[in-house]
Structure formats: structure tokens, C-alpha cells
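The values are calculated or read from the model by the stated rules, or taken from the named source; none is laboratory data. None of the values given here were measured: they were computed from a predicted structure. In this analysis, Cβ positions are derived from the backbone assuming ideal geometry, glycine residues included, and neighbour counts consider all displayed protein chains. Areas reflect the complete protein model, heavy atoms only, side chains present, ligands, DNA and RNA absent. Shrake-Rupley method; radii C 1.70, N 1.55, O 1.52, S 1.80 Å.
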Amino acid sequence: MNKKLRSRDWFGKTGRDGFIYRSWMKNQGFPADEFEGKPVIGICNTWSELTPCNAHLRDLAEAVKRGVWEGGGFPLEFPVMSLGETLMRPTTMLYRNLASMDTEESIRANPLDAVVLLVGCDKTTPSLVMGACSVDIPTLVVSGGPMLTGYFKGKKIGTTDIWRFTSESKRGALTDEEFKQAEASMCRSQGHCAVMGTASTMASMVESLGLSLPGNAAIPAADSRRKVLSHQSGRRVVEMVKEDIKPSDVLTKKAFINAIKINSAVGGSTNFIVHLTAIARRVGVDLTLDDFDTYGRNVPLLVNLMPSGDHFMEDFYYAGGLPVVIKEMSEQLNDDVITVNGRSLTENNKDAECYNRDVISTVNKPFQKNSGTTVVKGNLCPDGAVIKTSAATKRLMQHRGKAVVFESIEDYLARIDDPGLDVDEDSVLVLKYVGPKGYPGMAEVGNMGLPKKLLEKGVEDIVRISDGRMSGTAYGTVFLHVSPESYIGGNLALVQNGDVIEVDVANRRLHLDVSDEELEERKKNWKPPEHEFDRGYVNMYIKHVEQSHLGADLDFLVGKSGSIVKRDSH
Ligand code: FES
């Protein structure tokens, strides 16, 4: 190791400052030689009992520590803000950037030579990766892993079934008692959602970017091999300090392109787009919405996982996991990238074996020919909107329908089941003011549930459009992330009931069939709804959050702060 360890600026000091830095640490019982030049490895933990998906991460931290000690490092675990999808109001996305700031400043301010990020539930991954990228010291990600598959009435269930259970209970096909049984049967072990939702998408993202050791995405949280991976990650991160492999070495444009292709191959969540864009902007890589369409389109769907398919993350792991997908895709992937173990993505996975072709297919016999997320543009979304085509209804990809407009999420909730609502199977549901600034926080409400009266008729999908996001576990013909958003005066704000909307996914078009003159006229009388957030973080968020096509980061967080803090502790 030639480069001076960053931690020596603290623990290597003599005199009063060195005394203070070491003495207080010694109250935890660390012997003096721990401070004599071992790489200090931060274990940045999103453990929280309020984030059930991450509630087991202290166990994984212990496994990481074993590996760090063994590798000759000095591990120190610390907490950062944890974001639990299920409990936090109004939406965890509002806090992704805050958690990234916490991560960035916690790493930067402390005597760390490298970090292991312990993540799981959706936003805990991008927030920590964004923060660590802005500091740019050696970083390795360990995901918490998915839950074991749930079983209800002898059938496999996972998070995606919530939407089905809700519709069934709404139309009386499921009793209240059965609804409660299903609730107890689904989340039966530690770990995050067991489908290819956002958490699994994020775990696949870090593996395909090269930020984790191979195999990270699919090992179930309850499987002892998750601890083995954690242990090995602890060992490896110490070597990364010696080899000085930083996020900026791993996260080149080519690595992002690989991640986009692999995300299409696994049918990953649309949230991938907004998070990957934000990460790219932290490391200074020029990644645009068009890149997701260019590189993500025409990629075959290689996994048969919910919500696009039938199986669960546990099945994915037993079938060989992401390494098999990467091997299958190898001819389409960039090989001149490095991952955290110093080797390329394709080199790492060249010997992967598939054990179940009903879960992971070959490129020649994919589950769908063209997967991925499609980026559409038009007068409704000049800066773009996205649709997860693998989870949408083919028949609706080319469509004209009349808009049924909801002016807020509350308006939608109040009227969607009104028997008098003028809606049919050809209608297009439009939801306004759920974007980054409008909600605020770009909530996961874009996959609006269908009106009861259509569900009772057996209608399963209609076109839906909003400037919000949707859960990675959801499905349907849902256009999301409309940019510019309605709150800043995008044309979405001007849609009225009965306006005709034209959808043409093959030609990447989403068009409001209203003349420019009429839209100009409507704009004159338009003003955004008033927000009640006049203080604190949310107030700052509304002022500084960027639009979704730019990753919805705070404008002043784009880029890096770096790892050097010139002033001593005072
Ligand atoms: Fe945490 Fe789904 S709620 S991953």
C-alpha cells in the first residue's frame, strides 16, 4: 500500500489531537495496535426496527466485521438514516436525498479508509450509494437479501399479490379473515420484498454496476450464504483499500450501460431509472433518459419473476441468480469495466450455471423478446415519461382514450369508486401533482387502482398517467415520471376531463390531443396548488429538487464533495 491511509489524519496524529482521537475510541476496548495503521473500514448500516426489510442487518454487520478483522482491517459500524417503505409517510422518496446527505457527511467527517454499505429496502440502496459516490473512497455494497417466498392456501405469494388481494377484497372475492391470513403468510422471514420489485432491482443494480461481490442480488436474507457473502465482502474491502478501487473507478459510463441492459433482462423496476440517473450525476457520468431507451430496449426478458412473471427471488437464487443472467448477456455487455473485486463483470460470471430454465432463460429463448422500460415523449411529457413494457398490457400500447382527471391523490381516493364516475375500459386515468415538487417526494401512486365498477366487470388494466412513480412490485399500462411535472406547469397540469390522449409506445409517443393555442389559453388561468410545507427539510427539498428525468436529486448535491476535510476536529 503506497498511498497514505486517510484515517492516519486522525489516528496517526501525535500530541493533543491524536490523544483525543484515540483515547475516546479506547473506551470501547480497542487495543492500541488497532490504531497503528490498519485500514479503518466503516460499516454504514441502515438497520432499523422501523425498516423491517433491514431489521437483520446488524447480524450481517457482524459477518462483515469478521471478514474485515481477518483481512487485517479495523471495522467500525455506524448508523445512517434508514428508509422503510412500509411505514414512512408521506413517501420514502422524499427522504432519499436526505439519507444520502447523512451518508455522505458521516463518511466524510470520520476517519474511514473504506466503507461497506448495508442496504435492503428500496431507497436504502440508492441513498447510500449516492452519498458514498460523492465522497469517493473505496466502497462495497452488501444487500440484505430477499425474504423467503410466502405461502397462502398452499400457493406461493409475494408483494405483487397485495394488489390482487386488494382488488379481490374490494369486489368481495376475499373475506376479511382471509385478507388477514394472507397478511400473516406473506412476510414470513427477514429480508426485503421477495419479487423483482425495487429492492431486488436495486440489489441487482449494485451487482451489475460492479459495486458488490458476484451473487449479491438473490441470496435470501435467511440463507446462511448471505452471511458468507458479507464475510467475504469484509475481507475484500480491506484489499480494495490497498488497491485503491473507488466508486469512480468502477462507475464508468460503460458500467452504467451494463446495468441498464441487465435491468431490462431482469424486468427491473421503473424506479431504477430515477435512482441510476441520480447516482450517475453524483460521479459525473453523463447519463440521460434516452440512454435507458437506447440501451434498455430490444433486450430480451431472461427471468420469469414477479411482477412480470411467475417466480420469486428465492427461486431466482436456486436457479443460479444474477450471475447466470450476466453470463447469458455477456456478448452484449462491456467487458472493459472493473468491479469491486478488480475483475470485469463478464469475467466474474463466466462460469455461472443455470439450474432451472423455467426461471432464467437463454437469450435465444427469452420470456419476452423485448423487455425493458420505454421512454416516451410528446406534448404531455417533452422531457420524457417512462413505461415498464414488460408489465403492461399489449393491447393498450397503442390506444386513444378520454382522460379522467384527478387533481390530487386525495381527489383520486375520494372519487375512484364513485358509481357515478364517468369511466370505462378505454378511459385514461390522469393523476396530477404527485411529482418531485408537487407531492412533494414523487410518491409511488402512479399505478392507481382501477375503479370498483370496472373491476366488477372483470377489467384488469387501463391506461394510467402521472408524474409520480409506481412500486416496483406493481404492474399495468402505467406511464410514470412525466417531466416536466404538473406542479411546475408541465402540460399534465392542463389536462381536462374528456380530453383525448394518444398512446403509441412503438413510436415512443404520449400525446395530448389539444391544440397548442388551447393549451396556451388554459395555462393563463392555471396556478399550482398551494403547499403547506413552509419549514425544515421539506421546504428545502421543494426548492431544490430536480425533475425526475434528472434523477430527482437536490441540485446542490449533484457531483462530489470528495474525501478531504482540511480542518481538524474542534
Ligand atoms: Fe422493503 Fe419492499 S417494503 S423492500
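Report the percentage of all Cα-Cα pairs in region 134-236 whose separation exceeds 15 Å, rounded to a whole percent. The share of Cα pairs beyond 15 Å in region 134-236 comes to 66 percent. Taking the accessible area of the chain, probe 1.4 Å, and keeping the other protein chains in place, the carbon and sulfur fraction comes to 48%. Pairs of lysines in region 1-116 whose Cα atoms sit within less than 19 Å of one another amount to 9, provided the residues are eight or more positions apart or on different chains. Here the calculated FRET efficiency for Lys4 and Tyr355, from their Cβ-Cβ distance with R0 = 41 Å, stands at 0.30, rounded to the nearest 0.05. Converting phi to 3J(HN,Hα) with the Karplus coefficients 6.51, -1.76 and 1.60 and the offset θ = phi - 60°, region 269-280 yields 5, 5, 4, 3, 5, 5, 6, 5, 4, 5, 5, 4 Hz in sequence order, with x at every glycine or proline.
In straight-distance terms, cross-link reach from Lys527 covers every one of the aspartates and glutamates whose alpha-carbon lies under 14 Å from its own, apart from those fewer than eight places away in the same chain; here that gives Glu407, Glu485. For the chain, Cys44, Cys133, Cys187, Cys193, Cys354, Cys381 have no disulfide-compatible partner, since no other Cys C-beta lies under 4.7 Å from theirs.
Calculated mean residue ellipticity at 222 nm for the chain: -10500 deg cm²/dmol, from DSSP H runs with n ≥ 4 weighted as -39500 (n - 2.57), summed, divided by the residue count and rounded to 500. Ligands, DNA and RNA are left out, and with a 1.4 angstrom probe the accessible area of region 401-522 is 35 Å² per residue. Rounded to the nearest whole Hz, the Karplus-based 3J(HN,Hα) values (6.51 cos²θ - 1.76 cosθ + 1.60, θ = phi - 60°) of region 82-96 follow the sequence 10, 10, x, 4, 7, 10, 6, 10, x, 6, 5, 4, 4, 9, 3, with x at glycine and proline. For region 382-464, how many pairs of lysine residues have a Cα-Cα distance under 27 Å, where the two are 8 or more positions apart or belong to different chains? Here the count comes out as 19. Heavy atoms of the protein chains alone define the surface here; on that basis region 172-325 has 29 Å² accessible area per residue at 1.4 Å probe size. Residues whose amide H comes within less than 5 Å of that of Phe479, counting only those at least five positions distant or on another chain, are Arg464, Ile465, Ser466 (H built at 1.01 Å from N in the peptide plane).
Please say if the chain is rounded, prolate or oblate, where rounded means a/c under 1.5 for a ≥ b ≥ c the square roots of the C-alpha gyration tensor eigenvalues, and otherwise the choice is prolate for a/b larger than b/c and oblate otherwise? Prolate, because a/c is 1.5 or more and a/b exceeds b/c.
Of the peptides 296-302, 355-361, 128-134, the order by per-residue mean of other Cβ atoms within 10 Å, starting with the highest, comes out as 128-134, 296-302, 355-361.
Distance between the pseudo-spin-label points of Asp516 and Met540 (7 Å out from Cα toward the beta carbon): 4.1 nm. Straight-line reach from Lys155: taking Cα to Cα under 18 Å and skipping same-chain neighbours fewer than 8 places apart, the aspartates and glutamates in range are Glu168, Glu177, Glu178, Glu183, Asp310, Glu314, Asp315, Asp358.
In order along region 541-554, the phi-based Karplus estimate (6.51 cos²θ - 1.76 cosθ + 1.60, θ = phi - 60°) of 3J(HN,Hα) comes to 4, 4, 5, 10, 6, 8, 6, 4, 5, 9, x, 6, 8, 7 Hz; Gly and Pro are listed as x. Derived value for region 436-510: Kirkwood hydrodynamic radius 13.6 Å. Basis is the mean of 1/r over every pair of different alpha-carbon atoms.
In summary, the lysines within cross-link reach of Lys153, defined as a Cα separation below 22 angstrom excluding same-chain residues under 8 places away, comprise Lys170, Lys180.
Taken about its Cα centre, region 415-570 carries a charge dipole of roughly 900 debye when the Cβ of each Lys and Arg holds +1 and the Cβ of each Asp and Glu holds -1.
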